[in-house]
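Data first, discussion second: the structure below is written as structure tokens.
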Amino acid sequence: MAEHRQSRKRRYITWGVAGAAVVAGAGIAAQTSMAATTWPAQKTYTGRAFDTCTAPSLAAMKAWKTEGFYGAAAVYIGGKNRGCAQPNLTASWVKSVNTAGWKLIPLYVGAQPPCQTSANPEKFTAANAASVGAANANDAIAKAAALGMKPGSPIYLDMEPYDITNKACNDAVLTYVRSFTKTLRAKTYRAGYYGFSSSSAKAIATATNKTDLPGNLWYALWDKKNTTTTDWPWDPKLFTDHSRGHQYMVNSKETRGGYTITVDRNAWDAPVALIG
């Protein structure tokens, strides 16, 4: 198993991984200290969340909300490597599901590492990692803003598995991620990161230099444990202050309110979008 929820065709290409982590304990302080302007207060959600490749219809979202099992949903706002079309994901949809009580988690599928084995429409190199990171972040901000996700919202960068023992490749990833993060923060958007515990997220969690790394970490560890603490793979002082998400189950076919959707389950204790 490998890819995050992109396309089914790419879902099971390179799995050999399991979790993730976030930057230093004072996650919120690390995020807000970057901007000269006053940051909007963080909106935090704690509870169950789901992600699925294509944002469901408004009718399905309203039906699922009535059952109360999930309180938040991750949506793929953009990126050349996004695997599914998003016919439902509009500013009107975002406003309506927010009014219905949903919290939204913006996810951006940016460029992927040069050493990654999967075929991707966009990859960065060691030479252009910083410039591509900035360009991707600016695109992510534009996409989020167009959907009504205001400054102060997080944007989670999706980084799929790669060989973190390849130093040149890993260094390029860190350069890309730092550039993406700095660009987000300059526009007063919070930085988040989705990755796998034995590869892409581990690279962030174990980086000696934490400068300009994301302040929120969403780790894929498919152990079916609804927690962001008991299975945390790294130092418990990392990514505290409501800065963790945990994808703990994938490909769960569920029927709620008469609508059947295949989703991934997440335990969430981290920022969600500010809608307005």
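Kindly report the accessible area of the range 84-165 per residue (heavy atoms of protein chains, probe 1.4 Å, no ligands, DNA or RNA), in Å².
Averaged over the residues of the range 84-165, the accessible area is 36 Å².
Can you work out the FRET efficiency for the pair Tyr259 and Ala186, with r the C-beta to C-beta distance and R0 = 30 Å, to the nearest 0.05?
The calculated FRET efficiency here is 0.15.
Run the helix sum for the chain: -39,500 (n - 2.57) per DSSP H stretch of 4+ residues, divided by residue count, reported at 222 nm to the nearest 500 deg cm²/dmol.
After summing the helix terms and dividing by residue count, I get -8000 deg cm²/dmol.
Test of understanding: what is the full-extension gain from Lys95 to Lys237, defined as 0.36 nm times their sequence separation minus their Cα-Cα distance?
47.6 nm
Shape verdict for the chain, please, from the Cα gyration tensor: rounded (a/c under 1.5), prolate (a/b greater than b/c) or oblate.
The shape class here is rounded.
Kindly write out, for the range 41-47 in residue order, the coupling ³J(HN,Hα) from the Karplus curve 6.51 cos²θ - 1.76 cosθ + 1.60 (θ = phi - 60°), rounded to whole Hz, with x marking Gly and Pro.
4, 5, 9, 10, 10, 10, x
With each pseudo-label sitting 7 Å past Cα toward Cβ, what's the Glu67-Thr206 distance in nm, one decimal?
It works out to 3.8 nm between the two label points.
Go through the range 54-69 residue by residue and turn each phi into a ³J(HN,Hα) via Karplus (6.51, -1.76, 1.60, θ = phi - 60°); whole Hz please, and just put x for glycine and proline.
9, 4, x, 5, 4, 4, 5, 4, 5, 5, 5, 5, 5, 7, x, 6
Counting only protein heavy atoms and using a 1.4 Å probe, what share of the accessible area of the range 77-183 belongs to carbon plus sulfur, as a whole percent?
56
Once you have a ≥ b ≥ c as the square roots of the Cα gyration tensor eigenvalues for the range 151-204, tell me rounded if a/c is under 1.5, and otherwise prolate or oblate according to whether a/b is larger than b/c.
Judged from the Cα gyration tensor, the range 151-204 comes out oblate (a/c at least 1.5, b/c at or above a/b).
Across the range 110-232, how many lysine pairs, 8 or more apart or on two chains, come within less than 16 Å at their alpha-carbon atoms?
5
Highest mean first, how do 206-212, 247-253, 116-122 rank when packing is the count of other Cβ atoms within 10 Å averaged over residues?
Ranked from most to least packed, the peptides come out as 247-253, 116-122, 206-212.
Starting from the Cα of Ala59, step 7 Å along the direction of its Cβ; do the same at Asn138; then give the gap between the two resulting points in nm.
Result for the modelled spin labels: 4.2 nm.
Multiplying the sequence separation of Ala146 and Ser252 by 0.36 nm and subtracting their Cα-Cα distance, what value in nm do you get?
35.1 nm
What are the residues whose amide H is under 5 Å from the amide H of Ala220, where those residues sit 5 or more places off or on another chain and H is modelled from the backbone?
Gly19, Ala20, Gly195, Phe196, Ser197, Gln247
So what J values fall out for the range 196-204 if you push phi through Karplus, 6.51 cos²θ - 1.76 cosθ + 1.60 with θ = phi - 60°, rounded to Hz, Gly and Pro as x?
Those phi angles translate into 10, 5, 9, 9, 4, 6, 4, 4, 6 Hz.
The values are calculated or read from the model by the stated rules, or taken from the named source; none is laboratory data. As the structure is a prediction and not an experimental result, all values here were calculated from the model. For neighbour counting, all protein chains shown are included, and Cβ atoms are generated from backbone atoms with ideal geometry for every residue, glycine included. In case anyone asks, the SASA skips ligands and DNA or RNA and just uses the protein heavy atoms, side chains included. Shrake-Rupley method; radii C 1.70, N 1.55, O 1.52, S 1.80 Å.
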